[in-house]
Amino acid sequence: DGAKPLAGKKAVVTSGPTHEPIDPVRYIANRSSGRQGHAIAAALAALGADVTLVSGPVTISDPVGLNVIHVERADEMRDAVLAALPADIAVMVAAVADWRVASASDQKIKKHPGESIPTLALTENPDILKTVGHHTQRPKLVIGFAAETQDVESNARAKLERKGADFIVANDVSPATGIMGGTRNRVKIISHAGVEQWPDLDKDEVAVRLAALISAQFTQG
Ligand code: C5P
């Protein structure tokens, strides 16, 4: 079916930030809006894929016509992604927090005059992309993102290897670019075959192009 080249294919997409609790009222977060990940999930669904979108806390609405799972923390996101396997395609777009608070308090941490200021001990979060990229049920196509503020291409290339991805979509998220939280994106596609620079595009257009690139991987065998 030309219009639905991904019919019969299952995709899992992560999107948005994660919120890592400090206590019941406070959390660590980042500036991801979920726009790029949600747009990719929608673009894959438009090509006929059966899409599970695992979204961290975002203010944008759920794309229609696909299965959306809402999570808060990285460990919840990992569990939801693994529950969606087996899949043919994994696109890990979420800005997963690298660290979480080692022992989040189950009561609000109180400020007591004259007492010392609390410090937050952090521990590493699971790397969802790396887990999927090396999984026994690894999807045929595993795609990650690399949001960098320096050495974009070399960092992305290292990520391709380390995380077991087929493609890394790399972007410069330096504040001056306005990409993080914005509506436009300028990405490089890094694969074992080389690097392709895409022009400055709307995030929806990046999504449509990426969905086409994904679909081409299946038709080319
Ligand atoms: O290592 P870094 O965070 O730069 O890698 C970014 C890529 O890895 C993105 O595709 C992101 O969704 C994914 N990632 C992940 N789990 C993490 C950290 C990053 O899936 N804990």
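The values are calculated or read from the model by the stated rules, or taken from the named source; none is laboratory data. As the structure is a prediction and not an experimental result, all values here were calculated from the model. Reconstructed Cβ throughout: ideal geometry from the backbone, glycine too, with neighbour counts over all protein chains shown. Surface areas here come from the heavy atoms of the whole protein model, side chains and all, with no ligands, DNA or RNA. Shrake-Rupley method; radii C 1.70, N 1.55, O 1.52, S 1.80 Å.
Observations
- Identity of the residue in the stretch 132-152, surrounded by 16 or more Cβ atoms within 10 Å (Cβ to Cβ) and modelled with pLDDT under 95, that ends up farthest from the ligand (Cβ to nearest atom): Val152
- Of all the numbered requirements in (1) more than 26 Å from Ala207 (Cβ to Cβ); (2) within 8 Å of the ligand (Cβ to nearest atom), Met92 misses one, and that requirement is (1).
- Enumeration of residues in the stretch 38-70 that are closer than 21 Å to Gly133 by Cα and part of a loop (DSSP other than H, G, I, E, B): Ala49, Gly56
- Pairs linking a residue in the stretch 140-167 that is within 14 Å of Val195 (Cα to Cα) to a residue that is assigned to a strand (DSSP E or B) and open to solvent by 50 Å² or more (accessible area, probe 1.4 Å), with Cβ atoms under 6 Å and 6 or more positions apart or on different chains, are Val152/Asp172.
- Here Lys188 passes the criteria (1) of a type in the set (Lys, Arg); (2) assigned to a helix (DSSP H, G or I); (3) open to solvent by less than 70 Å² (accessible area, probe 1.4 Å) except the one numbered (2).
- Residues located in the stretch 141-185, provided they are in contact with a Leu (Cβ under 7 Å, 6 or more places away or on another chain) and farther than 18 Å from Ala212 by Cβ: Gly144, Lys163, Ala165, Arg184
- Condition check for Leu129: under 20 Å from Leu53 (Cβ atoms), within 16 Å of the ligand (Cβ to nearest atom) and either open to solvent by 50 Å² or more (accessible area, probe 1.4 Å) or touching a residue at least 60 places away in the same chain (Cβ under 8 Å) (or both): no
- Contact annotation: residue pairs with Cβ atoms under 8 Å, 6 or more positions apart or on different chains, pairing a residue in the stretch 94-105 that is touching a residue at least 24 places away in the same chain (Cβ under 8 Å) with a partner that is among the polar types (S, T, N, Q) and near the ligand (Cβ under 7 Å from one of its atoms), are Ala94/Thr14; Val96/Thr14; Val96/Asn125; Ala97/Asn125; Asp98/Asn125; Trp99/Asn125; Arg100/Asn125.
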